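> One structure coming up, written as structure tokens, with questions to follow.
The values are calculated or read from the model by the stated rules, or taken from the named source; none is laboratory data. Everything quoted here is computed from the prediction, not taken from an experiment. With ideal geometry, Cβ positions are generated from the backbone for all residues, glycine too; neighbour counts draw on all protein chains shown. Please note that ligands, DNA and RNA were not included when accessible areas were found on the heavy atoms of the full protein model with its side chains. Shrake-Rupley method; radii C 1.70, N 1.55, O 1.52, S 1.80 Å.
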Amino acid sequence: MTRVTVIYYSVTGNVQALAEAAAAGATDAGAEVRLLPVADATNADLEWADVVLFGTPSHYGTIAAELNRFIDGTGKLWLAGKLAEKVYGAFVASASTHGGQETTLVNFSTIFSHWGGIIVPPGFTAPIPVPVHLQSSNPHGASHIVGLGQQPGPLALDAARYQAQRAVSVAARLAVAPALTSVDDTPTAMTG
Ligand SMILES: Cc1cc2nc3c(=O)[nH]c(=O)nc-3n(C[C@H](O)[C@H](O)[C@H](O)COP(=O)(O)O)c2cc1C
């Protein structure tokens, strides 16, 4: 069974609603799910998972400090190669339309690349009509614009659900292929 950890930070509930939808989507896809506010998440929750999804509010166009602090505590796992070969994704809420959702999500991609992860964004693959995609889809990750206090509606919640289901589907397909063994401690480029 694919194991999914959803880690989020949320002050006023918007990202939490997206996280709950993502967790429900992963469960519906047959995964075992841990849904955790970042304050309760540990490195063991990362190591355990085949799929890790992060939810954040956009703070000045980037990842909230609370999540960055957690991510900055993963050095030992990274060094041991324990963060590689997993499927990663992220989702976001922001106050404004152009307030940095894409930059926030792309910043997660940089971290996932350092981890050697497999980034699975939703793209424009969700089974919804093209006009709806053109109006509301964010290819980097599910997203919600809070504006003056609007909680995520069906479109944003469905996007989070779909993103998680796609991540589970890709992880299940990866699980049947053997991973490459990790690089040698003494690369030939250095030893000649
Ligand atoms: C310190 C701080 C910085 C923020 N920066 C931005 C921003 O750059 N762009 C934006 O649209 N919203 C910004 N916001 C608004 C949050 O993104 C918004 O309140 C959040 O998405 C709500 O999520 P939550 O309900 O899960 O807490 C900021 C909020 C805080 C507290």
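> Using helices alone, I'd like the mean residue ellipticity at 222 nm for the chain: each DSSP H run of four-plus residues gives -39500 (n - 2.57), total over residue count, nearest 500.
Taking each H run of at least 4 residues, the total per residue is -12000 deg cm²/dmol.
> Also, quick follow-up: Using a/c under 1.5 as the rounded threshold, could you call the range 68-177 rounded, prolate or oblate? The axes a ≥ b ≥ c are square roots of the C-alpha gyration tensor eigenvalues, and prolate needs a/b larger than b/c, oblate otherwise.
Numbers: a/c = 2.61, a/b = 1.43, b/c = 1.82.
Verdict is oblate for the range 68-177.
> Next question. In debye to the nearest 20, how big a dipole does the range 49-107 give about its Cα centre with +1 on each Lys and Arg Cβ and -1 on each Asp and Glu Cβ? Write out the running numbers ahead of the final one.
Working: 4 positive and 5 negative charges, 32 e Å.
It works out to roughly 160 debye.
> Turning to a different aspect of this structure: Considering only DSSP beta bridges with both partners in the chain, what is the antiparallel share in %, to the nearest 5?
10
> May I ask you to give the solvent-accessible area per residue for the chain, in square angstrom, as obtained with a 1.4 angstrom probe? Walk me through the numbers before you get to the answer.
Working: 10160 Å² over 192 residues.
Counting only protein heavy atoms, the per-residue value for the chain is 53 Å².
> What is the magnitude of the charge dipole of the range 33-192 about its Cα centre, with +1 placed on the Cβ of each Lys and Arg, -1 on the Cβ of each Asp and Glu, and no other charges, expressed in debye to the nearest 20?
260
> Shifting gears a bit: So for the chain, taking the charge dipole from beta-carbon charges (+1 Lys/Arg, -1 Asp/Glu), which of 106, 14, 150 sits furthest toward the positive end?
The residue sitting most towards the positive pole is 150.
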